[in-house]
Amino acid sequence: MSYVPHTKDDISSMLKTIGVSSIDELFKDIPQALRPKSFNIPPASSEFEVTQHLKKLAAKNATHLINFVGAGFYDHFIPAAVDAIASRSEFYTAYTPYQPECSQGWLQAIYEYQTIICELTGLDVSNASLYDGGTAIYEAAMMAIRFTGRNKIIMDSGVNLIYRTMLYTYTSNLNVEFVEIPVVHGQSSREELFKHIDDKTAAVIMQNPNFFGAVDDHSDVVAEVHKRGALAIASVYPVSLGMLKPPGEAGFDIATGEGQSLGIPLSFGGPYLGFMAAKKELVRQMPGRIVGATVDSEGKRGFVLTLQTREQHIRREKATSNICSNEALCALRAVVFVALLGKEGLKELAEHNFQKAEFAKDCLSRISGVQVKRSSPTFNEFTVMLPRHADEVVYRMIDKGFACGFPLGRFYKGLDNYLLIAVTEKRTKEDIRRLSDSLEAVLG
Amino acid sequence: MKLIFEKHKEGRVGFTYTKADVPLALPLEAKYCRKADVHLASLSELDVVRHYTNLSRLNFSVDTNFYPLGSYTMKYNPKFTERIASLEGFSQVHPLLPQLLGGGMLAQGSLEVLFETERLLSEITGMSAFTMQPLAGAHGELAGAMLIAAYHKDKGSRRKYVIVPDSSHGTNPASAAIAGYQVKVIPTGPDGYMDLVEYQKHLNNEVAAVMLTCPDTLGIFNPQIKKIADMAHEVGALMYYDGANLNAMLGKARPGDLGFDVVHLNLHKTFATPHGGGGPGSGPVGVSESLVEFLPIPRIVRRSDGTFALDYHRHKSVGYIAPFYGNFGVILKAYAYMLKLGKEGLIQAAELAVLNANYCRVKLREHYDLPFDKICMHECVFSASRQAKNGVHAIDIAKYLIDKGYHPPTVYFPLIVKEALMIEPTETESKETLDEFIEIMIEIARLSKENPILVTQAPLHTPVKRLDETKAAREPNLRWQQ
Amino acid sequence: MNIPKNLFYTKDHEWARIEGKSVYVGITDYAQGSLGDITFIDLPKVKDALKQSEYCATVESVKAASEVYAPFSGVVSLVNSELLAHPELVNQSPYELGYFFVMEISNETEKTNLMDAVAYEKYVQGLAK
């Protein structure tokens, strides 16, 4: 029933050893008056019954839609080898590797993960992962506040609204001043941005590609930020880094992002993977676990959790963050995914996403009344203006078998007719043509 | 073992995509692109699979070893929940689907799982409502501390302090600090309970909340808990329940009935979802009636027609704690576990977890110091002080256990016990496993007297010997470089 | 345990050596011994103005972090940047090569709040009990 191995005899002999006559006696410290007022939980079910019940619920979710929704969370193909490794229970039924001698597998895998995050982002150091892309931005902002001793954060509104909202929630009881820079024609406005960077600024947060899909080179922003002694933080999409300029190359001090696209299923919002990399002088401000290489008493290479004095079990209220776990199993998926693809595969994957999105732009721009926004280059996601409310178009496209995109009006005022469309390598030429045909029919 | 990067062979190919089936567009301008390819190893699929399979074999895990790591509830993780989480109907659903017009009806299964899990957890803990958003225990604590801050702000009361006992988890003070509070620490009395005189002294209308673990980190249930809660409520402070140790309480006592206002749980502890090498976890937060309006948005609601929907219209909500609705994949496994166990199973889990812990306590108390010798709940905390006099410290005991194939207990926590050894066997371990473990622990106690070097030189049979942590911290090497 | 006669000590195990208007500051042999192998030191900045007993530096070992407080009020004039690359100097030579920083003080009478070697030795013995 509850996966317990005890026989009746076991229980009575154990009770005898303990010197009590019944299990109830073990709970005698809980006064009768404090016993549960109710405990209305359904009776036990068999594995078969529970599985059937949940299969029924799973069937109530739509899996037939051809998906063009991205908005920071993407439908990429996951090679079976990723699932196979993540299903090794020697990985998934272990806990945080506190005892390095019996956790070298995990520690080495995380060290390898840290390495690939550094390679992807072009930065020096990475932690062992954070909860998600949003908590990663919050942690990065707090790093900058600690490092600079300042408290003003400037954020481009091309950063995913979900993350901006999380950042406001998390800092609502802290002394942090925010400035949001409006997006003009889907791009960050340098003029507005530069106006606000001053000697009180701890950090400027940019996203690339931004929420509208626009690809930018932020080198000039970073230069301006550094002139004022502030830090530059980038939120990036890891699959795009097979092609796009990594944040380290643009001069960013901290890179964060959502690692879901690296072999992690969409799974209705989690578990996902927050990643964070930074320049090495910031390592002591970094939150979360970090694995380092060292040697054992015989000089053999081995791995340990290191720089733990930053963490809450030592620093308590003075810790860099309250985070004490990571998303190790998701980080494992990411490192296996990237290792399988290798540099060629990663480049190819980015290339496919880019090419297919360009093809989709071409197809959709032929539909009368649809305007593909071309003011900036894009990677695998782009914005179109529709002749009517995007919500309504999305609604009607569901009937045609498509989740055709994300209506920007949900997150931005005045953009009710705009639709954000993501095209991953999983969408075939045929899918894209059918999307275009169906959209034409819906609009016609 | 070699690193994956050290197995590189130029020209080798692992995973390939078919050729693009669309006409080629002009490439992006160079200024937007990376100068050089990402520096990664080229490997075959077998190279990668063998590498990580062999790495997995260097870990201790619940499936391979007894893992009595106190405070983490390393119980068996049933396999059927893994299969359920991988059903396409769950794993492939985009989280934004229910936020599209008409999309909610296409994610009814997932919304129902979330709604029903909230209801079950509310009943198990005696709370009014739950949010499933927090992505781990510490994240739940942070969310809980924010809910407390929102509650007091709404009342127009400016409070400065959060009270924690000195036996608390390190995350408690860290979470309170992020919510804007200063921490007051109350010492533990000689009886193992929080010192009520000190508590009374620090309690006033500047205190926002009292954060407690129950049973506490010594594995002891404090019969005065209701009184502590009443005293807090008297001055308008809220009671916060750190759910790390809920496993002992299932069906035996509910935080809500004990007077707690905010509760965080760890689904990866109590509800048997895998710990995943440190995550993903799930740290849902439950609240009493007066805090429901502050819960993060969206809330999952059931409409009058029985369908489920997302509700964003809660103007007093703290906002978003997670990007979406929580670690859905983890929540799903916990839901399946609760349905499978049912009422009797959950109660039985608590009972046998407590039985196992007390069995270890009684069998080992002759051999190790037991600072607070009374009936414990799900874990027992020994001290290796006696052994330390002969040079055998808690860490040495841990290493010797590893050599014998046992994952060590939690060591050096709680901080108030010198040379602490915190043993949490969980209910899924058999008497035979416990007996074998106890035998090794007794052997260590004996060796500590007779031949301590045999313990202090451990481990001898592991892939690496004791590692130089000083070197790791002084000369940080945090990534591979050619 | 080494407790040099010519220094002043705090309850938090800092030592201070007065040389005219300048004061050398570090942590005691007892402190380095209880921390174990020191791995990192976060030093104040030159020109930082400190008050007596104010937090001014952090010293870390593998599993502990502890804060260092200024023994006098004054302005930091020199920091021992050697320690950034070689924190082990604090273990090897806590009173000489392992000093943390030098400060210029204005009020030497603050030393009445500190202990001399005899008093500190007694204090440390008291802790051991």
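Laid out as a table, the results:
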| quantity | calculated |
| --- | --- |
| Share, in percent, of DSSP beta bridges within chain B that are antiparallel, nearest 5 | 55 |
| The range B:24-50-the range A:191-234 distance, computed between alpha-carbon centres (Å) | 27 |
| Other protein chain Cβ atoms within 10 Å, averaged over every residue that makes up A:298-306 | 6 |
| Rule-of-thumb Rg ratio for chain A [Cα; 2.2 N^0.38 Å; N residues] | 1.13 |
| Residue-averaged 222 nm ellipticity for chain C, from DSSP H runs of 4+ at -39500 (n - 2.57), nearest 500 | -5500 deg cm²/dmol |
| Tail weight of P(r) past 24 Å, computed on alpha-carbon pairs of the range B:377-482, percent | 32 |
| Inter-chain Cβ neighbour average for residues B:189-201, partner chain, 10 Å | 0 |
| Surface/4 estimate of mean projected area, convex hull on alpha-carbon atoms of the range A:364-417, nm² | 4.2 |
| Normalised alpha carbon radius of gyration of the range A:80-338 [divisor 2.2 N^0.38 Å] | 1.00 |
| Where labels lie 7 Å past Cα in the beta-carbon direction, separation of C:Asn107 and A:Thr165 in nm | 5.3 |
| DSSP bridge pairs, the range B:230-371: antiparallel proportion in percent, nearest 5 | 70 |
| Relative packing of peptides B:271-279, B:318-326, B:410-418, B:21-29 - highest average C-beta neighbours within 10 Å first | B:271-279, B:318-326, B:410-418, B:21-29 |
| Convex hull per residue volume in Å³, alpha carbons only, for the range A:116-262 | 102 |
| Stretch gain in nm, segment B:Lys19-B:Asn390, where the contour uses 0.36 nm per residue and the Cα spacing is subtracted | 126.7 nm |
| FRET efficiency estimate (nearest 0.05) - Cβ-Cβ, C:Ser34 to A:Glu298, R0 22 angstrom | 0.15 |
| Counting DSSP beta bridges with both ends in the protein assembly as shown, the antiparallel % (nearest 5) | 70 |
| Computed over the range B:140-264: relative contact order in percent, which uses C-alpha pairs under 8 Å that are six or more apart | 25 |
| A:Asp198 paired with B:Asp305, simple spin-label distance in nm, labels 7 Å along Cα-to-beta-carbon | 5.4 |
| MRE, 222 nm, helices only [DSSP H, n ≥ 4, -39500 (n - 2.57), over chain A, to nearest 500] | -11500 deg cm²/dmol |
| Percentage relative contact order, the range B:347-481, counting C-alpha pairs under 8 Å, at least six apart | 27 |
| Footprinting exposure proxy for A:Lys245, B:Lys19 (fewest neighbouring C-beta atoms within 10 Å first) | B:Lys19, A:Lys245 |
| Sorted by Cβ neighbour density within 10 Å, fewest at the top, the residues C:Trp15, B:Trp480, A:Trp106 | B:Trp480, C:Trp15, A:Trp106 |
| Three semi-axes of the equivalent ellipsoid, the range B:79-339, Cα gyration tensor, whole Å, largest first | 33, 20, 15 |
| Alpha carbon Rg of the range B:4-56, scaled by the compact-globule rule 2.2 N^0.38 Å | 1.56 |
| Average beta-carbon neighbours from other chains, 10 Å sphere, peptide A:76-85 | 3 |
| A:His53/A:Phe178 FRET efficiency (R0 56 Å; Cβ-Cβ; nearest 0.05) | 0.80 |
| The range B:1-144 shape via C-alpha gyration tensor axes, a/c threshold 1.5 | oblate |
| Convex hull (Cα only) mean projected area of the range A:1-120, reported in nm² to one decimal | 15.5 |
| Table column - 3J(HN,Hα) (Hz), the range B:150-158, Karplus curve with 6.51, -1.76, 1.60, x for Gly and Pro | 5, 4, 5, 4, 4, 7, x, 9, 9 |
| Whole-angstrom gap from the range B:91-140 to the range B:297-331, using each part's C-alpha centre | 6 |
| Ranking of B:Thr18, B:Thr188 by count of other Cβ atoms within 10 Å, fewest first | B:Thr18, B:Thr188 |
| Relative contact order computed over the range C:1-124 (Cα-Cα under 8 Å; 6+ residues apart), in percent | 32 |
| Spin-label pair A:Ala223/C:Asp116, simplified geometry with 7 Å Cα→Cβ offset, distance in nm | 6.4 |
| Number of Lys pairs (Cα under 30 Å; 8 or more positions apart or on different chains) in the range A:8-57 | 5 |
| Cα pair distances in chain C, grouped into 10 Å bins until the bin that holds the longest one, percent each | 14, 48, 34, 4, 0 |
| Translational D in µm²/s for the range A:333-409 (Stokes-Einstein at 20 °C, 1.002 mPa s, Kirkwood Rh from C-alpha pairs) | 147 |
| Three principal axis lengths of chain B [C-alpha, angstrom, descending] | 77, 59, 45 |
| Where Rh is the Kirkwood radius over Cα pairs, Rg/Rh for the range A:8-57 | 1.21 |
| Cα Rg, Dmax (largest Cα-Cα span) when computed across the protein assembly as shown, Å | 29.0, 95 |
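Read the figures in this text as sums done on the coordinates, not as results from a lab. Predicted, not measured: the structure shown is a model, and the values here were computed from it. Note that we place each Cβ from the backbone using ideal geometry, even for glycine, and neighbour counts take in every protein chain shown.
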